[in-house]
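Here the structure comes first, spelled out in structure tokens, and everything after it is commentary.
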Amino acid sequence: KKESKQYTIGFSQCTGADNWRKTMQESMYRELSFNPEINFIMKDAGGQSEKQIIQIEQLIKQDIDLLIVSPNEAEPITPIVEKAYQNGIPVIILDRRTNSDQYTAYVGADNVEVGQIAGAYTNTLLKGTGKVIEISEKPGSSADIDRHKGFLEILKRFPGIKLVDKLDGDWDKNSFEAPLTKLLKTHSDIDVIFCQNDRRALTAFKVCKDLGLGKKIRLIGVDGLTGPNGGIDLVDKDVLNATILYPTGGEEAIRTAISILHKQPFKRENRLQITMIDSTNVRIMKLQSEKLVAQQQDIERRQGKIEEQRAISENQSIVIYTVSIT
Ligand code: FRU
């Protein structure tokens, strides 16, 4: 039976500026291309919580049938998301969380586990003794809070490993370069830097290199994107010792949204798998991800061809129609 009802999904994205978010959005659009009954409105808050609140307010006023939200910071975004939920709008929380359990479904990986894996890997590198710096995600985001929590949980088991400092890695690319340079000048004995994403890890690498500490300090990142200077490439080039592949969940969020809108069964908690990537598995990860990208490009090419064919046959039927009435 053909579904003819149209639905509107509103998506409140905390920021759209970086490649991880762009990858998330691409996978959403790919999944949406199979669902022409969906009207999709995305609003990008540019990393500002006040803006995100206003944008969610606007989406509620636009009578959306479902809200997907990736909250910038957990606390300030919580009340407006609760409001949407209480207004009867199904809410899918994607990647970062609010501080509330008022939502219909969650899609994302467990950030406490991300921190734990980074902590365990730090100990594998240091064998129980050494000095560490952590560079944060967006401060106040659930990703930052949870990654830090998991990281500390594991480090506490190894009293010989000392977390010297945690620097705010804010959205301004340069924001932690100066404090990190200063810190490394006074602590030239730092062994590991855990960066809560690969973009920050690349910046940290440049800082270390400029100080002549390039080979000495080991770097761990998070995200593991494909493509040039993505986490997989950075591990392959030996810029990073490891990254934790943190899936975007874009495709899964749209699938869950479709199930909710079509009143089909869905899971409330959709916990995505994370994977550690280091020199032992980076080649296979690289090959697999390149293959996946090639397959996706193939699908897009095919979709383009189908559209072309459809346009041609529509033109032909107009011609036939014109001929038959004259
Ligand atoms: C992208 C990002 C990723 C990170 C995620 C956490 O905006 O910072 O690098 O894994 O958000 O929410």
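The values are calculated or read from the model by the stated rules, or taken from the named source; none is laboratory data. On a predicted model such as this, the values are computed, not experimentally measured, just so you know. Note that we place each Cβ from the backbone using ideal geometry, even for glycine, and neighbour counts take in every protein chain shown. Areas reflect the complete protein model, heavy atoms only, side chains present, ligands, DNA and RNA absent. Shrake-Rupley method; radii C 1.70, N 1.55, O 1.52, S 1.80 Å.
Measure up 5/263; 237/291; 51/149; 215/291 against 23 Å on the Cα-Cα distance and list the ones that go over.
On the way: 5/263 13 Å; 237/291 19 Å; 51/149 28 Å; 215/291 31 Å.
Long pairs (Cα-Cα over 23 Å): 51/149; 215/291.
Taking a cut-off of 16 Å, what percent of all Cα-Cα pairs in the stretch 190-292 are separated by more than that?
Numbers: 3175 of 5253 pairs.
It works out to 60 percent of all Cα pairs.
What do you get for Rg/Rh over the stretch 91-200 if you use C-alpha atoms and the Kirkwood form of Rh?
Numbers: Rg = 15.1 Å, Rh = 14.8 Å.
Rounded to two decimals, Rg/Rh equals 1.02.
Could you give the accessible area per residue of the stretch 1-79, probe 1.4 Å, as a whole number in Å²?
On the way: 3760 Å² over 79 residues.
Normalised by residue count, the accessible surface of the stretch 1-79 is 48 Å².
Treating each Cα of the stretch 1-94 as an identical point scatterer and ignoring solvent, apply the Debye formula and state log10 I(q)/I(0) at q = 0.18, 0.22, 0.23 Å⁻¹.
-0.80, -1.12, -1.20
Hand me the GluC sites (Glu not before Pro) from the stretch 1-58 located in a DSSP loop with no more than 15 other Cβ atoms within 10 Å, in residue order please.
Details: sites: 3, 26, 31, 37, 50, 57; in loops: 3, 37.
Within the stretch 1-58, the qualifying GluC sites (Glu not before Pro) (loop, at most 15 other Cβ atoms within 10 Å) are 3, 37.
Treat each spin label as a single point 7 Å out from the Cα along the C-beta direction, and report the residue 315 to residue 280 distance in nm.
Result: 5.8 nm between the two label points.
Could you check what % of the DSSP bridge pairs in the chain are antiparallel, to the nearest 5?
Details: 4 of 43 bridges.
Taking every DSSP beta bridge with both residues in the chain, the antiparallel ones total about 10 percent.
Roughly what % antiparallel, to the nearest 5, for the DSSP beta bridges in the stretch 210-326? Display every interim value, and only then the final one.
Details: 4 of 8 bridges.
Antiparallel: roughly 50 percent of the beta bridges in the stretch 210-326.
Would you check the accessible area of residue 28, probe 1.4 Å, heavy atoms only, in square angstrom rounded to 10?
The value for residue 28 is about 0 Å².
Quick check for you: with a 1.4 Å probe and neighbouring chains kept, what is the accessible area per residue of the stretch 158-207, in Å²?
About 48 Å² of surface per residue is accessible.
For the chain, place one equal point scatterer on every Cα, skip the solvent, and apply the Debye formula. What is log10 of I(q)/I(0) at q = 0.12 Å⁻¹?
Rounded to two decimals, the profile gives -0.87.
Which FRET efficiency value, to the nearest 0.05, is calculated for residue 264 and residue 17 with the Förster distance at 30 angstrom and r the Cβ-Cβ distance? Display every interim value, and only then the final one.
Working: r = 34 Å, r/R0 = 1.14.
According to the calculation, E is roughly 0.30.
Considering only protein heavy atoms and a probe of 1.4 Å, how much of the accessible area of the chain is carbon and sulfur, as a whole percent?
Exposed carbon and sulfur together represent 52 percent of the surface.
Run through every distinct alpha carbon pair of the stretch 208-247 and return the Kirkwood hydrodynamic radius in angstroms, one decimal place.
The Cα-based Kirkwood calculation yields 10.3 Å.
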